[in-house]
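Laboratory data are not the source of any read-out in this text; all were calculated from the coordinates shown. Everything numeric here is computed off the predicted structure, so don't read it as measured data. Neighbour counts run over all protein chains shown; Cβ positions are idealised from the backbone, glycine included.
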Amino acid sequence: MTTSDSPPAALVPVYERKRQRTTKLTKNTIEFLERNRKPISLASIATVSRQIDPEGRGVSENGIRTNPDAYATYRNHMTWKTPTQTRARNPRKLAREHPSRDLVRARQRYMRLPRKELAERLIMLEETSMETEERWLRQADELLTWMLVASGLMGLVSSGGAAR
């Protein structure tokens, strides 16, 4: 066995016949699809080629991809185009919803989001929750401090008032 990509010399005619058969069948299938105004894709070529092939074998999608001539023919006639780049979604701000919020619709909306966006939203919610809790604890601490100061002042006022 050789280390190069070329087949042994004895198999070259066999592979050449197969390559030519794939190219010819691909061209015939594309012509058939164009005449019948059908979309031209690898899947449609593979399916229709089995129907029009006298041997009934057709060509596979991979056979078209690996045959340079057949693939070039397909690329020149394909009707499917690559999708245009979609805009990146703007992450929605956390909505301060009303108590009458429709939870079923909210659940459906979240189920459509990709996992990455759900993870980002969850992290944002956790951070917001921690900030809110810290603010509440600071305010509660300040309130307690002022209550103690006021209680001490009330004690001074009441003891000072009793001394007069």
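Using DSSP to call loops (not H, G, I, E or B), can you name the trypsin sites (Lys or Arg not before Pro) in region 26-80 whose Cβ has at most 13 other Cβ atoms within 10 angstrom?
Values: sites: K27, R35, R37, R50, R57, R65, R75; in loops: R37, R57.
Taking region 26-80 and a limit of 13 other Cβ atoms within 10 Å, the loop trypsin sites (Lys or Arg not before Pro) found are R37, R57.
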Karplus ³J(HN,Hα) for region 6-16 (6.51 cos²θ - 1.76 cosθ + 1.60, θ = phi - 60°; Hz, whole; x = Gly/Pro) runs 6, x, x, 4, 5, 9, 4, x, 5, 5, 5
How far apart, in nm, are two points set 7 Å out from the Cα along the Cα-to-Cβ line at H77 and at A43? 2.0 nm
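If you stretched the chain out fully between A119 and A150, how much longer would it get, using 0.36 nm times the residue separation minus the C-alpha to C-alpha distance?
On the way: separation 31, 0.36 × 31 = 11.16 nm, distance 4.62 nm.
Residue separation times 0.36 nm, minus the Cα-Cα distance, leaves 6.5 nm.
Just to confirm a number: summing +1 for Lys and Arg and -1 for Asp and Glu over residues other than Q51 whose beta-carbon lies under 14 angstrom from that of Q51, what do you get? Kindly include the intermediate steps, with their values, before the conclusion.
Numbers: positive: R35, K38, R50, R57; negative: E31, D53, E55.
The answer is +1.
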